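> Once you've had a glance at the structure underneath, I'll fire off some questions.
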Amino acid sequence: TLLHAAEFQLSSSRSKISINESVTLQLTAVGSVDGDLDLSVLDADFDIINQSTSSNIQYINGDFSKSKVWNLTLMPKRIGILTIPPLCSGSDCSNSTMLIVEQQNTSNNEAATVMLEAEVSSDNVVAQQQLIYTVRLLFRQSLLQAGLDEVKPEGVEATVHLLGEDLRYEADRGNWRYNVIERKYALFPQHEGQLHLPPVRFNGQVESNNNSRRNSPFGGFRQAGEIVRLRSEAIDVTVSAPPVNAAQQPWLPAERITIDDAWQQTAPTLTVGEPATRTIVTSAVGLTAAQLPELNIVAPASFKSYPDKTVRDDQVSGLGVTGTMTQKVAFVPTQAGTFTLPEIGLKWWDVKAKKWRRERTEAIKVEVLPAQRLASTQAVTAVPLAPTPPPAPIAKQPVTLTADASATANDQPATLWIWISVVCALGWIVTLLLLLRLRQQRRKDAVEPTIADDASISTNKARAELIRWAKANDAAQTRTALLTWCAAVAPDIAAETFIQQLDLPLRQQIEALNSALYSSAAGKTWSGAELVQELEMWLADSNKKESAALPDFYPGG
């Protein structure tokens, strides 16, 4: 006859186990089962790590019988006397049974095939201090499968950072040598309280050491290994509140903090109008980069500063987290001289010495040189030759002819012609010299307006280059063209001084250019259209002012 009601029988493989051991339940149902087995009643005290079912139907001498068997492998969640409640399928239920779960038996650890250890760097920390949590899996037989739960702190809100890759090595425990897989975490509890670290559970399978399996005719096939379920010890950590005066400055509990400034080693020599980048790197052992506050990098009044975007990075190792913050600031001096850059520093809490410390850089003296000016064109002035004085006039002496001097009188025409030739030659030389002097004077008069024209052409060319690069939105080339234009318009003063004399709208556009040039984040989006507009308006106003200053060619009255 067909059985319409099932009889359930629940049995346990053991009545007493360790917290790190599993127990196998067998539930047998004889008869017709109404529905699926409800296993949710086990969730409060047990983890189901394996389950299987089998069915059997028999027909003997006209009697029909049916049975179903469930095999469940359970792992206890806590220590104590646990009740395995009745398991039901529909309206049919099994009996209940008791299970005693004890603390792990440390005397058996030396012979254990697999062990799980957990420890913390300190059982008492201050809020936001780094806490190192270490988990070690030790095994003497090869692992076929392995899985480790994640760390889930309770009681106090905490951030968890995995410290790199798992570390593998060998270690001795008692008389045995184990392979070790070590995993470390950095925990940062955010406020005071009791931090509870629940047991970390290991689920795995180790290679079976059964000789009968190795010698069986099926030895060529992989045999199922031994299932291992372990859990570490629970750990509680006391988290203390920060010191009372911590509210007066950023709370930075660290093992060590350093501030590195390249200018501390060799102070640079700066030049008016030329940018120089100062890089400050802050490193904190035991803090994340996000916890570090930006340093206040102050420049003298005669400097303009353009900070770049702060870069933060975390470096992890077996010792914990080291947060690094990099700040870059472009300094542009506006006048020459010797200046002092003030010290940079911050206060932090030394978690080892349990006291306040201050890390700082020294003040730096820097030399600022005047801006390099463009060489001005010098006019070449010709030196006129000194005029040659005219020859002294020749006095004419009266000539008296006598009978005795007839021969001398006959030679007089020849001598006269010689003197006439000398006078003509001297007159020709004087005329030539006067012509040369006149020619040189005309050259001098022609050179001066040419030099003025060249200066005008140079200024116009510099202005055209400035406008061209600004319209092309090239910040670096625009800055170079701006300095060239300033030197052409005002060759006798520094570019930064001349810029300060410009109208406010144009100065603001130049400031925007500098900010874009010295800040990598902003430089990608700079547009020179407004700079061109303000420059052209300034030029138009300057031309009007110059025209108004000219004297009237037709004064009234």
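Here, each number is a calculation from the coordinates, and none is a lab measurement. As the structure is a computational prediction, the values presented were derived from the model and not from experiment. A quick note on method: Cβ atoms are made from the backbone with ideal geometry, for glycine too, and the neighbour counts reach across all protein chains shown.
> What full-extension length gain, to one decimal in nm, is calculated for residue 501 and residue 83 as 0.36 nm per residue of separation minus the Cα-Cα distance?
Separation in residues times 0.36 nm, less the Cα-Cα distance, equals 141.5 nm.
> For the residue pair residue 191 and residue 426, what label-to-label distance in nm results when each label sits 7 Å from Cα along the Cα-to-beta-carbon direction?
11.8 nm
> Given H placed 1.01 Å from N in the peptide plane, which residues other than close sequence neighbours of residue 344 have an amide H under 5 Å from its amide H?
361
> For residue 113 and residue 93, what does the FRET efficiency come to when R0 = 35 Å and r is the distance between their Cβ atoms, rounded to the nearest 0.05?
Working from the Cβ atoms, E equals 0.40.
> I've got another one for you. Label residue 160 and residue 418 with points 7 Å out from Cα along Cα→Cβ: what is the distance between them in nm?
In this crude label model, residue 160 to residue 418 measures out at 13.0 nm.
> Given 0.36 nm per residue, what is the gain on full extension from residue 436 to residue 152 after removing their alpha carbon distance, in nm?
Residue separation times 0.36 nm, minus the Cα-Cα distance, leaves 91.8 nm.
> Separate question: Could you sort the peptides 140-146, 272-278 by per-residue average Cβ neighbour count (10 Å cutoff), highest mean leading?
Peptide ranking by packing, descending: 272-278, 140-146.
> Taking a 23 Å limit on the Cα-Cα distance, which of the listed pairs 328/352; 304/545; 328/365; 152/347 fall beyond it?
328/352; 304/545; 152/347
> If the cut-off is a Cα-Cα distance under 14 Å, which aspartates and glutamates reach residue 355, setting aside same-chain residues fewer than 8 apart in sequence?
In chain and number order, the partners are 255.
> How much length is gained if the chain between residue 71 and residue 473 is pulled fully straight, taking 0.36 nm per residue apart and subtracting their Cα-Cα distance, in nm to one decimal?
137.1 nm is the gain from fully extending residue 71 to residue 473.
> HN-Hα J couplings of the stretch 88-94 from phi, Karplus 6.51/-1.76/1.60, θ = phi - 60°, integer Hz, Gly and Pro as x?
So the Karplus estimates, Gly and Pro as x, are 10, 10, x, 8, 9, 10, 8 Hz.
> For the stretch 186-194, take each phi angle, set θ = phi - 60°, evaluate the Karplus expression 6.51 cos²θ - 1.76 cosθ + 1.60, and give the result in whole Hz per residue in order, putting x for glycine and proline.
10, 10, 10, x, 8, 8, 6, x, 9
> Kirkwood-based Rg over Rh for the stretch 111-212 (C-alpha set), two decimals?
On the way: Rg = 16.0 Å, Rh = 15.2 Å.
Reported Rg/Rh, Kirkwood definition of Rh: 1.05.
> While we're on this one: Summing Lys, Arg as +1 and Asp, Glu as -1, what charge do residues with Cβ under 15 Å from the Cβ of residue 119 carry, residue 119 excluded?
With Lys, Arg at +1 and Asp, Glu at -1, the neighbours total 0.
> Report, by chain and number, residues whose modeled amide H sits under 5 Å from the one on residue 304, excluding near sequence neighbours (fewer than 5 apart, same chain).
Sorted by chain and number, the residues that satisfy this are 332, 334.
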